[in-house]
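Scroll down for the structure; my scribbles are underneath it.
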Amino acid sequence: MKVTRIDHIGIAVKDLEEAAEIYRDFLQLEVTDIEEVPDQKVKVAFIPVGDSEVELLEPTTEDSPVAKFIEKRGEGIHHMALRVDNLEEALARAQAAGIRLIDKTPRPGAGGARIAFLHPRSSNRVLIELCERAD
Ligand code: ZN
């Protein structure tokens, strides 16, 4: 298993369009994709920056985990996604190492990725998403 890059940084926002403005208008970055991920009850926008991306996450329901995050902590950085070349192997290694997992098996993420979250208690309260993409 190899971690190849920071795939994206996820930012929890109340309003995707409003949040995208500073990236688009001031930073001159392009919002390439807006899609809904029903599994996580969010609408996401991707903003490529070199080899990585910024992912804006707007909750679509009140019981969305991102809605609860914003309610508790306000808007801001929600997770860091690391690209791995083999997600099953990464999860097996995490389990063997006693790392707490939110997802024991991969689930579908935005942009056709397969993803799984580690529990933030195992990583200094940083929510880490492991992410495998065909590329
Ligand atoms: Zn993400």
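Table for the structure above
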| item | result |
| --- | --- |
| Candidate set from region 120-131 (those that are outside any helix (DSSP H, G or I) and either away from the ligand (no atom under 16 Å from the Cβ) or open to solvent by 40 Å² or more (accessible area, probe 1.4 Å) (or both)); member that is farthest from residue 40 (Cα to Cα) | 124 |
| Sole exception among (1) assigned to a loop (DSSP other than H, G, I, E, B); (2) of a type outside the set (Phe, Trp, Tyr); (3) away from the ligand (no atom under 16 Å from the Cβ) for residue 18, by number | (1) |
| Tally of residues being of a type in the set (Phe, Trp, Tyr), out of contact with any Gly (no Cβ under 7 Å at 6 or more places or on another chain) and in contact (Cβ under 8 Å) with a residue 24 or more places away in the chain across region 1-47 | 1 |
| Single condition residue 112 does not satisfy, out of (1) more than 18 Å from residue 15 (Cβ to Cβ); (2) touching a residue at least 24 places away in the same chain (Cβ under 8 Å); (3) within 14 Å of the ligand (Cβ to nearest atom) | (2) |
| Leading residue by the ranking (least open to solvent (accessible area, probe 1.4 Å)) among those in region 91-109 that are in contact (Cβ under 8 Å) with a residue 60 or more places away in the chain and not in a strand (DSSP E or B) | 109 |
| Leading residue by the ranking (least open to solvent (accessible area, probe 1.4 Å)) among those in region 69-90 that are without any contact (Cβ under 8 Å) to a residue 60 or more places away in the chain and within 16 Å of the ligand (Cβ to nearest atom) | 87 |
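The values are calculated or read from the model by the stated rules, or taken from the named source; none is laboratory data. A quick note: this is a predicted structure, and the numbers were derived from the prediction, not measured. Positions of Cβ are generated from backbone atoms using ideal geometry, with glycine treated the same way; all protein chains shown enter the neighbour counts. Note: accessible area is taken over every heavy atom of the protein model, side chains too, but ligands, DNA and RNA are not part of it. Shrake-Rupley method; radii C 1.70, N 1.55, O 1.52, S 1.80 Å.
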